[in-house]
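As structure tokens, the structure follows; a few thoughts come after it.
The values are calculated or read from the model by the stated rules, or taken from the named source; none is laboratory data. These numbers come from a predicted model, not from an experiment. When we count neighbours, we look across all protein chains shown, and the Cβ atoms used for this are built from the backbone with ideal geometry, even at glycine.
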Ligand SMILES: [Zn+2]
């Protein structure tokens, strides 16, 4: 299960609506228990793609945030991004880029991939996934999202 508090969830939605029609992305930070991913902060990261259909997280910003959160005893537990006009399901490009180029190895094993569809801006559709490989849909495992007050 992915646990998120409502203020962080709102930040993600606001970021996504501000970015429309482009995809935006960011990091989920917190900790993992045996069964759950608990998010305690979210961080916006620039997407180098400036695209309506893909995102490409700025690697240097990622590293800077990682160093910063580790100093505070937290870790990066997932990545969020928006699908401005389509369903909240990993695209072929999402699957490809979750792996090292030319490899079947995930870049971030264990991460939650939160995708928020904003095709209806008044009704954001959040879905979260764990990836186990490159194949769609076999390697895409949806996880429950719990948004706490
Ligand atoms: Zn996507």
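Out of curiosity, is residue 141 within 15 Å of the ligand (Cβ to nearest atom), in contact with a strand residue (DSSP E or B) (Cβ under 9 Å, 6 or more places away or on another chain) and either under 18 Å from residue 17 (Cβ atoms) or not in a loop (DSSP other than H, G, I, E, B) (or both)? Considered against the rule, which asks whether it is within 15 Å of the ligand (Cβ to nearest atom), in contact with a strand residue (DSSP E or B) (Cβ under 9 Å, 6 or more places away or on another chain) and either under 18 Å from residue 17 (Cβ atoms) or not in a loop (DSSP other than H, G, I, E, B) (or both), residue 141 comes out as no.
Residues in the stretch 99-115 that are touching a residue at least 12 places away in the same chain (Cβ under 8 Å) and more than 10 Å from the ligand (Cβ to nearest atom): 99, 104, 106, 108, 110, 111, 112, 114.
Under 9 Å between Cβ atoms, at least 6 apart or on separate chains: pull out the pairs that start in the stretch 35-56 with a residue that is within 15 Å of residue 111 (Cα to Cα) and modelled with pLDDT of 95 or more and end on any residue that is within 11 Å of the ligand (Cβ to nearest atom) and assigned to a strand (DSSP E or B). Filtered contacts from the stretch 35-56: 39/114; 42/80. Please work out if residue 87 is in a helix (DSSP H, G or I) and surrounded by fewer than 17 Cβ atoms within 10 Å (Cβ to Cβ). So residue 87 fails the test. Exactly one condition in (1) more than 11 Å from the chain's Cα centre (by Cα); (2) within 22 Å of residue 133 (Cα to Cα); (3) within 12 Å of the ligand (Cβ to nearest atom) is not met by residue 34; state its number. Only one criterion is unmet by residue 34, namely (3).
Being in a loop (DSSP other than H, G, I, E, B), touching a strand residue (DSSP E or B) at 6+ places or on another chain (Cβ under 8 Å), modelled with pLDDT of 95 or more and over 27 Å from residue 33 (Cβ atoms) is the filter here; which residues of the stretch 102-138 pass it? Residues satisfying the conditions are 118, 119.
All of 99, 81 fail the test of being modelled with pLDDT of 95 or more and closer than 24 Å to residue 17 by Cα, apart from 81.
Of all residues assigned to the stretch 55-67, at least one qualifies as being under 13 Å from the mean Cα position of the chain (by Cα), near the ligand (Cβ under 10 Å from one of its atoms) and either in a loop (DSSP other than H, G, I, E, B) or surrounded by 19 or more Cβ atoms within 10 Å (Cβ to Cβ) (or both).
Hey, can you tell me all the residues within the stretch 17-37 that are crowded, with 18+ Cβ neighbours inside 10 Å and in a strand (DSSP E or B)? The answer is 25, 26, 27, 28, 29, 30, 37.
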